[in-house]
Each structure stands twice: as structure tokens, then as C-alpha cells.
Amino acid sequence: MAGAGGGAERARFAVVGGGIAGVTCAEKLAAEFPSEDIFLMTASPVIKAVTNFKQVSKTLEEFDVEEQPSSLLEKRYPNIKVIQSGVKQLKSDEHKIYTEDGKEYIYEKLCLCAGAKPKLIVEGNPYVLGIRDTDSAQAFQKNLAQAERIVVVGNGGIALELVYEIQGCEVIWAIKDKAIGNTFFDAGAAEFLIPKLTAESREAPIECKRTKYTVEGSEEKGRPTAAPDKLGSALGPDWHEGLHLKGTKEFSHKVHIEILCEVKKIHLQQEFIQLQQTSLTFPKEEKTVEPDEVLWPVYVELTNGKIYGCDFIVSATGVVPNVEPFLDGNNFAVGEDGGLQVDRHMQTSLPDVYAAGDICTAAWEPSPLWHQMRLWTQARQMGWYAAKCMAADALGESIDMDFSFELFAHVTKFFNYKVVVLGKYNAQGLGSEHELMLRCTKGHEYVKVVMQNGRMMGAVLIGETDLEETFENLILNQMDLSAYGEELLNPDIDIEDYFD
């Protein structure tokens, strides 16, 4: 296979990244070009595969995310060659990739799917843990076993799940918004979920159909684990299943939420003593705040002036696209969020270089009902569509935008509730020209629709509402619903009968 370039290996297609986007992209290319070699470059010995894929409706899909040794992927697709090494440098003008292990590879078309890394509140502090992948979740579990109090910073899906799952440990949860989980919910949905946070007894979890991330005993099974400094792939929806999240204390749930604040400074114990400031005890019901007598390993000073001591801090504040290895010497157009900009064919600004998943920023004019979010569903859709585009371009064919970019749709689970979000579910970008309709049955379901000019623009469905397909259709066909008014959410009316 050696060719020009002093023993460089060549392939028509190369993909960088062993997460959902990269693996999906490589699989699709391998299926479209069975006689071509596809290089898949990954720094980790395990890849993330999509299993049990289910198309729930036109745009909603459910699947499990499973960690597998890369040899399994090569078995399924003999023309995929997994190259287990990180990328050191990309020379896009020469169509060359240099890997950490000193080899070079020549490609005709390349797709970058290197994901994103956790955005840490501070770098290099041993008391600050970023959570984004299964390996960091394991480190977190080890620390939690000795912990009496932790501070969780961040308000996305992972922070939400984490706070819900932790038992026997005081949790101070610092969020910059007014309400919890603002990436997925509004204040109303947060109110609906809050009782679940403080409930002392937990109902048995509903049988969980997605992956169990058991990393327990992976040593005995000879499962390769990535070196701690290597980025693993992002967590799927049920990463906390099979992790035993329990601190040292005997009570089950103690969560205190500090809203509208961020971390101002982090003090190590010595620095805190020199400050001669007062830190606070865990707030009790009576709301009297008392100075803390205990000495903690680390202290968090919040922008609202409060200081809390704790055993460690969990930074669950989102991700930054992992573009570092590729920027040097290449003139990529980069989006405001730090991702590689891609057009509607998933092409970056450089010839023959595509990108998909968390590393990229959608720079096309999106459908009015879709927006990018760094979620595993979008990683899968983008990886699949990028492969289609690479194939079409290689064969000189034209291709239409994939239907999954018509409507934002995501299904997940929070606090054991099924959660479906559709379209502009938080009225993203609609300005003040919209109205909300709500239906809520405490402890059972929460339904919110976003309306604009009589048309449904988005929805949040929590619980087993069975409304997702009907609402998906109403949003997609933009039917004028003004005539129905509030009746649209009347539980006594079977709305599906109206709109079939």
C-alpha cells in the first residue's frame, strides 16, 4: 500500500475520532465503498458504537451507545482500518495526516470528528473534576466515596443527572440561571422536576433501555482503558447507570441550589485560612446561615459573595470543540463557539476536509425549526450525513440536505421521566412574539408548547404523554391552529384524532 511520500499509507477516505460521529461516518463510508480502505484514527482503544437504533418517528430516534474494542468494528467492516494513535498534525494542502506515533497518512477526503472536551472552570486544579466521558465519571466515583460535600457547577444535562443521582453527600449546586436545567427546560419544567430532587425515597428506576456504562471490573476482563489524559468519548444518556454514586453520609438527598451565580474564585485550604473570611455551613431549612467550623480541602467563592468549603468541585459547564491538533498551519474558518465551520454539505472551509459532531459548527442558514446542540443524536446524524456528502462529492453526484436537519428533535431521560424536546422548545430565537401553553399534572406529566402566529414552533414533553408524533407533525406542517386556542392541550380531547 505504500506510495509516494516515503512510506505514507494512502486511502481514499480518512476519518478522525472514535466517538459516535466518527464511527458512524466510517461505517457509512465502508458500506458505500466496500472495495476501498477507510482509515479511522482514534486515540482511544475503544470506540463508541450505536446499537439498538430505533426510528421513533420522522425525526425522533433512540439508540444505545456502547463502548466496544475497535477490533469489533474491523470485524463488521473489513475495509475499515483502525489506526490507534492521536493526530499530531494535519497538512491539508498536502492531504496528509501525521499521527503521534510518527506515521503519516495520505487521504483524498477527510472527515474530522474529534469531538469536544469539557470546559473546566479552572485548569490544573486537583480538586476540580470535569465530567464528560466514562473515564472521568469513574474518577468522579472514586472521589465521591470519601466525600461529605461537593460543589457542582453547571446547568446542562450532565449536571442535572449528576445531582439527581448522588446520595449520601451534601451537594451545593451553583447555576448561572434562575432555574435548573435551562438547556433543556424552562422554569416551569424545573418546578415540575424539583420535587424529585428532594424526595427522600426513590421509586425503583424504570427499566432503562439504553447502555449500561459498566466500567466496573474492566481490569479483570482485560478491557483496554484509555490513559487518563487521553480524551474519552462523550457520555451517552445513561452513563450513571451502573456507577455507584454514593458519598459517605447516611441520608439520601441533600441538595442546595445557589441560583444566578458563577464561581468567582477557588481557594485551596491554606489560601482560605489566609483570607480570614467566613465560609458557610450547608443551609438548613430555617434558612439561618451559620459560619462553618470544619476545615475543607478546597473552597469555592461564588459571585453572590458566599463561600462554601467542600471535598471537591465538579465542573459540568459544557464543552469546547476539540480543534487544537488541526488548526496549526491550516486556515480553517472557526465559529464563535470555537468549532470548525461547516456548510450544508458538512464541508469545512478547506478543500476535501469535512467535519461532523461536536467539533463542528453548523454555518449554513438553518431551517427555522432546527438548531445545533452538541448531543449524541446530532453527532450520529451529522456523521452519517457527512459520509453521504463525501460519497456524493467523490462520485460527482448532487445530494439533498438530510431531513434530520428540518426539525430539532431529541428524546432523553431525566429523573426517570421520558423527556422529548422538539423544534424551538425554549422559544430560541423567536423574540417576544410567541406564547406558551402549558399542561401539567404534578408528578405525572408536563406538556409545554411554543406558539407563534397560531403555529406550533416547539414543545417540551415530560412523562409518558404519547404526544410526540402528533406535535412533530403539527410543527412540521406549520398548520394554523388559532381556532383551537387552549383546547389544543385539553386532556379530554384526543388531539390525535384531529390531526392524522
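The values are calculated or read from the model by the stated rules, or taken from the named source; none is laboratory data. In this text, all values refer to a predicted model and were calculated from it rather than measured experimentally. Every residue, glycine among them, receives a Cβ derived from its backbone with ideal geometry; neighbour counts consider all protein chains shown. These accessible areas exclude ligands, DNA and RNA; they are computed on the full protein's heavy atoms, side chains included. Shrake-Rupley method; radii C 1.70, N 1.55, O 1.52, S 1.80 Å.
Tabulated values for the structure
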| quantity | calculated |
| --- | --- |
| Segment 448-464, residues that are under 15 Å from Phe414 (Cα atoms) and among the β-branched types (Val, Ile, Thr) | Val460, Ile462 |
| Odd one out for Asp343 among (1) of a type in the set (Asp, Glu); (2) open to solvent by 40 Å² or more (accessible area, probe 1.4 Å); (3) modelled with pLDDT under 95 | (3) |
| Elements of type strands (runs of 3 or more DSSP E) in segment 395-484, at least 3 residues being modelled with pLDDT of 90 or more and over 20 Å from Gln381 (Cα atoms) | 445-452, 455-462 |
| Those residues of segment 429-443 which are closer than 17 Å to Met457 by Cα, of a type outside the set (D, E, K, R) and touching a strand residue (DSSP E or B) at 6+ places or on another chain (Cβ under 8 Å), in sequence order | Leu430, His434, Leu436, Met437, Leu438 |
| Out of Ala409, Ala427, Ala363, sole residue that is in contact with a His (Cβ under 6 Å, 6 or more places away or on another chain), aliphatic (A, V, I, L, M) and open to solvent by 10 Å² or more (accessible area, probe 1.4 Å) | Ala427 |
| Any pair with Cβ under 7 angstrom, 6 or more apart, that starts in segment 84-97 at a residue that is at negative phi and ends at one that is open to solvent by 70 Å² or more (accessible area, probe 1.4 Å) | Ser85/Glu100; Ser85/Asp101; Gly86/Glu100; Lys88/Glu100; Gln89/Asp328; Lys91/Gly329 |
| Counted residues, segment 286-339 - those being among the hydrophobic types (A, V, I, L, M, F, W, C) and part of a strand (DSSP E or B) | 11 |
| Where a residue in segment 65-82 is farther than 10 Å from Ala26 by Cβ and its partner, wherever it lies, is open to solvent by 70 Å² or more (accessible area, probe 1.4 Å), with Cβ under 9 Å and at least six apart | Glu66/Asn52; Ser70/Gln84; Glu74/Lys81; Pro78/Pro34 |
| Number of positions in segment 141-198 that are touching an Asp or Glu at 6+ places or on another chain (Cβ under 8 Å), buried (at least 23 other Cβ atoms within 10 Å of the Cβ) and of a type in the set (Asp, Glu) | 1 |
